[in-house]
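Reviewing the structure listed below.
Nothing in this text is a laboratory measurement; each read-out follows from the coordinates by a stated rule. Because the structure is predicted, anything quoted here is derived from the model rather than measured. Note that each Cβ is placed from the backbone with ideal geometry, even for glycine, and that neighbours are counted across all protein chains shown.
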Amino acid sequence: MKNLTTALMVIISSLLAATAAPGPWVQTLTKGNKKITKFHFYVHNQQAGPNKTVYQVAASSITPTLPTNFGIVKVLDDLVTAEPDIHSEPVARVQGLIAYSDFHTAAIAMNVNFYITAGEFNKSTLCVSVRLALTEPLREMPVIGGTGAFRFARGYALSTSYTFDFATGNSVFNYTIYVITPSHEIVWTGF
Ligand SMILES: *[C@@H]1O[C@H](CO)[C@@H](O)[C@H](O)[C@H]1NC(C)=O
Ligand SMILES: *[C@@H]1O[C@H](CO)[C@@H](O)[C@H](O)[C@H]1NC(C)=O
Ligand SMILES: *[C@@H]1O[C@H](CO)[C@@H](O)[C@H](O)[C@H]1NC(C)=O
């Protein structure tokens, strides 16, 4: 029985490894008292054009004097799809703020929520708060919590640029997110 369980676990983990990329846009696995959810999807960051999803809302008095855009604040509501094509299955939105907040280098503070809009986690959110160096080809960010299915969530995201249009600044980002939550819902009683 134990051997059978071990064999099954080996098969399951090799299946997960085999489907790691591109694979489905969301996968879950329970290990002990933890549930691991993996997302893989594409974020459409449209800085220009008719379907613009990123808007500048503020700048500081010293923004024009610095090479790093320091003080610019933007609000975004980016579409997230299962595949790189913007017309592929819509699965989430990324909503929140980015602020250029480094005097010396091109770096931002990004505070956003991934709002899932499809599948079993529909309407749950993941909260990401991070400093990003814009010159890094591989960006890492912490998932610091969530709502709905992602209460008590902790995790991290990795992102690369899938496409970038120098003329418009429009990008498609490739995101992989791992989130750990308790495998059983924790319900507090008595208050
Ligand atoms: C903007 O979105 C509309 C509706 O999805 C689409 O038909 C059109 O091709 C998009 N335009 C651009 C430039 O992406
Ligand atoms: C997700 O929730 C929205 C809003 O309640 C609903 O319109 C939509 O049909 C739901 N989608 C799925 C896949 O459950
Ligand atoms: C997406 O990024 C991951 C790293 O997080 C990388 O392994 C994978 O090859 C990338 N996929 C595409 C299609 O760019």
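Remarks
- Residue match in segment 109-127 (condition: of a type in the set (A, V, I, L, M, F, W, C), in contact (Cβ under 8 Å) with a residue 24 or more places away in the chain and more than 15 Å from residue 37 (Cα to Cα)): yes
- Taking the criterion of being within 12 Å of ligand 3 (Cβ to nearest atom), farther than 24 Å from residue 69 by Cα and exposed (fewer than 14 other Cβ atoms within 10 Å of the Cβ), no residue of segment 159-191 qualifies.
- When every residue of segment 14-33 is checked against the conditions, none turns out to be touching a Leu at 6+ places or on another chain (Cβ under 9 Å) and buried (at least 17 other Cβ atoms within 10 Å of the Cβ).
- Among the residues of segment 128-143, those identified as within 11 Å of the chain's Cα centre (by Cα) and under 12 Å from residue 173 (Cβ atoms) are 139, 141.
- Breaking point among (1) within 16 Å of ligand 1 (Cβ to nearest atom); (2) within 30 Å of residue 62 (Cα to Cα); (3) not charged (D, E, K, R), for residue 117: (2)
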